1. Does B:Ser233 meet the test of being within 14 Å of chain A (Cβ to nearest Cβ) and surrounded by fewer than 20 Cβ atoms within 10 Å (Cβ to Cβ)?
2. I'm checking my understanding of the structure. Among residues of the stretch A:364-401 that are in a loop (DSSP other than H, G, I, E, B), crowded, with 19+ Cβ neighbours inside 10 Å and within 12 Å of another protein chain (Cβ to nearest Cβ), which one is modelled with the highest pLDDT?
3. Looking for something at positive phi and either away from chain A (no Cβ under 14 Å) or surrounded by 22 or more Cβ atoms within 10 Å (Cβ to Cβ) (or both) - is there at least one such residue anywhere in the stretch B:300-313?
4. Determine whether the stretch A:328-338 contains at least one residue that is within 11 Å of chain B (Cβ to nearest Cβ), in contact with a Ser or Thr (Cβ under 6 Å, 6 or more places away or on another chain) and not hydroxyl-bearing (Ser, Thr, Tyr).
5. Report the residue count in the stretch A:327-338 for those that are buried (at least 21 other Cβ atoms within 10 Å of the Cβ) and part of a loop (DSSP other than H, G, I, E, B).
6. Across the stretch B:139-155, which residue is farthest from B:Gly242 (Cα to Cα) among those that are out of contact with any Asp or Glu (no Cβ under 9 Å at 6 or more places or on another chain) and not hydrophobic (A, V, I, L, M, F, W, C)?
7. Go through the stretch A:284-316 and give me each residue that's in contact (Cβ under 8 Å) with a residue 60 or more places away in the chain, within 14 Å of chain B (Cβ to nearest Cβ) and among the small types (Gly, Ala, Ser).
Amino acid sequence: MSTTARLEVRGLSKTFAGVTVLADAQLVIEPGEVHALVGQNGSGKSTLIKLISGVYRADPGGEVFVDGHRIGTPINPGGLHEQGLAFVHQDLGLVNDLSVRENVRVGRHATRPFTGWIDKVRDTEAVQQAFDFLGVQIDPHAKVATLKPSERVAVAVARALQERTPGSGVVVFDESSRAIPHEALDDFYGMIRLLADQGTAVLIVSHDLREVLRIADRVTALRNGSVVEMGVPTAELDEAALTRLVLGHNGELDDYASSMPATVGDGGVELRDLSGGRIRGVSAQIRRGEVVGFTGTVDSGLSSLAPLIGGAIQGQGQAVVDGRTLDLGSSSPSAALRAGIAYIPQDRHGEGLATELTVEENVTIPHLRMKGRPWRSGGRWQRSETNAVLAGFDVRPHDPRAVVATLSGGNQQKVLMGKWLLGGPSLLVLDDPTQAVDVGARGSVLRATRQAAVDGAAVVLCSSEPDDLVSVCDRVLVLNEGEVAVELVRPFTAEDILAAVFGATDGGLE
Amino acid sequence: MSATTTTPVQARPEPARLRRFWAIVLQRYSLVLLWLLMIIVLIIAVPGDVSLVSALRAVLGQQTPLIFLGLAVVITMAVGEFDLSFAGIFGIAAVTVPALVVLHGWPYPLAALAALVVALAFGAINAGLIVGVGINSVVVTLGVASVAGGLAFLLSGETTVSGMDPALSGLALGRFLGLPLVFWYGLVLAVVVTYVMSATPLGRHMLFVGANRSVARLAGVSVSRVRTGAYLSSALLCGFAGVVISTGLGGFNPGTATTMLMPTFAAVFLGTVAVVPGRFNPMGTLIAAYFLLTGVFGLQLLRLTGWVTEVFFGVALVAAVTISFLLQRRVRG
């Protein structure tokens, strides 16, 4: 091993207020390889990325090298692009209202001499060059808002690559695939391969272990703030082995639908002719004690279904909950709530939890009106119910007064589930609840979903994860073009679901 | 043997609990401690005989709308709204009373009621444009502040209106336990607002509307209603402040209303470092207001007036926001 590593990290640590969240981290990435950084939420992998990108200041003593040149610590975030490091973040960091050219060139605009005005011609050329290299055709003058998802990815990558000699540097993708719909993932992976084949080193941070196995050459795993395995070739790993690496134990999803049988009770929910968003005329029966999954491609309307039932977006149709009819034409979140519908949104930070408030405040907010009096919310039930949620979901730390922002993503998701299950809803509606939670938390979220049915609720699980659906659902309805195209009844496998999803799409196109 | 081993075990929780107690006191009530310290320093520094009681009485007995306006601003800030019009609304309400009584011969109770209605009307304009139409709150309240301020001059004929029946001033200046009623009104209102904000579902709903509107909406909170209510109750408090202050003074000079802008913001933001650190809270505002009033009072005793006051409020505002920000950052890690 005489070659110089493209990126080398030695002894990077970070301590927040006396708590060490990352200790003595090491990382070596060779030119031309795709390297994956894996670990649960709270394992320290986002901290490591934030230290390398200079968002956080590392504790003294660590060192970061690019091509053998020491660039820190301390790291100067402004100089990273020149030093060969580029980052593509989770949300891709694009501004929809601006043009492709402006998005790519932000911060590195070419300017005319004397006037200092932006030189649009040179900027456009530079953008075009980056696109040529990536082999994509995008109009540099188009507004980003008008682009297809795969094109948005290309714009973000072009920003990271501009003014680079092909094959140089390091590009870091920090959970980027999360912002990319399934259909566009192949293009994205192709682009990563292209970069690596040219000699650029690629570091991907990902929760999705299958993605890691598919595109990465080597893997570095973090657990509890330390690197536990460094640079393991993926050729030596399968999904089970990689899961063990991340968790420290086997993390297979249990078959909760079998191990937690629920008695299907009388009553339940009837959805009648739902329309709204991309949904066009969906009807379904969900009995109490039953978990019904909905799935489909991104274009199928799946993403509109849960908000529609929950009253968060406007639409038409009716939801009959235990004989009481709720008109979705004039529904609202509070009307849905009164009808016994608990809707758990997908966007945990934007819509699920107020992260600067405490766990107790977040857990009890939907129930204040029912359990409290108008003139007094009452403290005792809040504390005891919150404690029950914390214990039931094994939230760590067990502290009702903890600020939600200080919890890890998986624990936040548990708090979010607990917040809605607390009221004992008639209908529980979940929108992709395992997005961006690690393997360990995923199990507890799915178990809680099944438990809600065992406790007598009707449950709707909208998900694009076949494994999740197999684990907890009694039936799965596959959407295509806003309508129910296929109904699967247990027993079914993840392959059955995928075949139905994509088979339905093909059928729809023919 | 057992005695020697158990004693230290039992003794250990005591200092730990005591330390936690002091940590909480320092975290939440350091402003109160600072305030007491400031009073003691004043008593020593100011030449002549000033007793603790007389100093406290002078500070707490001030005729100022600061507490009322501070509460009004806390309410709007808590739900995530920004209101620059509170001083203007206070001013026009304060002018309405003497203008109607002295210039137009209205009976006092009717004039006071009219002042409250005028204040509520401005609050309704704020709410209608900001919540109803969806216009930026800074722009709307800045405009409304200017309109209210201008109309106040129109009502007063561009001068100080005075000459109300001196007997009426007892409603504001009458003493109870050695302090004027103005102080007690402020205290009672602060207690009421504190209760509503900390112990009722409405208060928790306000907190969530301020923290994250989507989360609040999905939890079944009527976000528009809470925001509208905040603007209306804030305006009503400003109107009440106007009635009390002009009644106490027997008149009002509309030019003085805008001078309340800085001290009020300073008190509200300084209040976020006390009692419930990091959040807009009424008791914190009350403490901060008297902390600031004491500072100004002290400066006056030291014969420092005029420009010093403005500098003092400015420093207090920026320092408060800085401390509050640093506290928040420490909480989030």
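The values are calculated or read from the model by the stated rules, or taken from the named source; none is laboratory data. Just so it is clear, the structure is predicted and the values come from calculations on it, not from any experiment. Glycine also receives a Cβ, built like all others from the backbone with ideal geometry; neighbour counts cover every protein chain displayed.
1. No: the conditions fail for B:Ser233.
2. In this case the residue turns out to be A:Ser377.
3. Of the stretch B:300-313, the ones at positive phi are B:303, B:306.
Narrowing further to those that are either away from chain A (no Cβ under 14 Å) or surrounded by 22 or more Cβ atoms within 10 Å (Cβ to Cβ) (or both): B:303, B:306.
Within the stretch B:300-313, one or more residues are at positive phi and either away from chain A (no Cβ under 14 Å) or surrounded by 22 or more Cβ atoms within 10 Å (Cβ to Cβ) (or both).
4. Scanning the stretch A:328-338, I find no residue that is within 11 Å of chain B (Cβ to nearest Cβ), in contact with a Ser or Thr (Cβ under 6 Å, 6 or more places away or on another chain) and not hydroxyl-bearing (Ser, Thr, Tyr), so the answer is no.
5. 1
6. Ranking the qualifying residues of the stretch B:139-155, first place goes to B:Gly143.
7. A:Ala306, A:Gly310
Conditions tested, residue by residue: (1) under 27 Å from A:Ser300 (Cα atoms); (2) assigned to a helix (DSSP H, G or I); (3) of a type in the set (Gly, Ala, Ser).
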position	(1), (2), (3)
A:Glu125	no, yes, no
A:Gln137	yes, no, no
A:Ala158	no, yes, yes
A:Thr165	no, no, no
A:Arg178	yes, yes, no
